[in-house]
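Reading through the structure tokens given below for one structure.
Throughout, read-outs are computed from the coordinates displayed, never taken from laboratory work. From a predicted model like this one, the values you see are computed outputs, not experimental measurements. Cβ placement follows ideal geometry from the backbone for every residue including glycine, while neighbour counts extend to all protein chains displayed.
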Amino acid sequence: QSLNPFFIITLAPLVAAIWIKLGKKEPNSPVKFAMGLLFLAIGFLFMIGAVLEQGGDQSVKTSMFWLVGAYLFHTLGELCLSPIGLSMVTKLAPLRLASLMMGAWLGFVALANYAAGFIGSFVGESGAIAIFGGIAAAAVLSALLLLTMANRLVYWMHGAEGHADAPEQDDKKLHSATV
């Protein structure tokens, strides 16, 4: 239980420094969300590695480095998703609903944790590789969907991202090309 807090404390300044160093090349929020999902998928690939090391015998112990790797990548994903999500809720919610929307964000986090426990309960029946692989595949597919929609999502944010003019220019080019 100490790995996630340790990685948060040690990696948060590094991730923040990377965003600052990138300056204008910093990815937008949907791209950061997609990065978080890709890190999640990599973390579950580490869990698949642990299952493969067991060789089908659940009584076999595996290296703790599989779990450390999974926590490392899950924490990197969290650092790409959680602060950005909280920031976007406060930027995009109407002022009088901001507190309610923040509560909804945290409520959905709680719901996701419940769903994770429910899905995890099927590891014995469906097999760990099927569960971990399914989560990894769903995360990758979700990330690809977010990446393809990133510019449109930024456009729909109406300037909350700070550089929402790019999709608008693309729409103008598309409109002038069709007229």
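Descriptive notes on the structure:
- Helical mean residue ellipticity (222 nm; -39500 (n - 2.57) per DSSP H run of 4+; nearest 500) of the chain: -28000 deg cm²/dmol
- Of Leu72, Thr148, Ile48, farthest towards positive along the dipole that unit charges on Lys, Arg, Asp, Glu beta carbons give segment 2-157: Thr148
- Taking Cα centre as origin and charging only the Cβ of basic (Lys, Arg, +1) and acidic (Asp, Glu, -1) residues, the dipole magnitude of the chain rounds to 440 debye.
- Mean Kyte hydropathy of 1.0 or more with a Cα span along the axis of at least 18 Å, helices from DSSP in the chain: 3-22, 29-54, 64-92, 98-120, 128-156
- Highest-first arrangement of 72-82, 11-21, where packing means the average Cβ count within 10 Å: 72-82, 11-21
- GNM on the chain, alpha-carbon springs under 10 angstrom: the most fluctuating residue among Ala143, Ala70, Ala93 is Ala93.
- Looking at segment 61-125, the trypsin sites (Lys or Arg not before Pro) that sit in a DSSP loop and have at most 13 other Cβ atoms within 10 Å of their own Cβ are Lys61.
- Volume per residue that the Cα convex hull of segment 22-104 spans, once the total is divided by residue count, Å³: 115 Å³
- Distance from segment 79-94 to segment 1-71 (C-alpha centre basis), Å: 20 Å
- Read-out P(r) over Cα pairs in 10 Å bins from 0, in percent, derived from the coordinates shown; its label in [x] 9, 33, 32, 20, 6, 0; [y] 8, 26, 31, 24, 9, 2, 0; [z] 9, 28, 33, 19, 8, 2, 0: [z]
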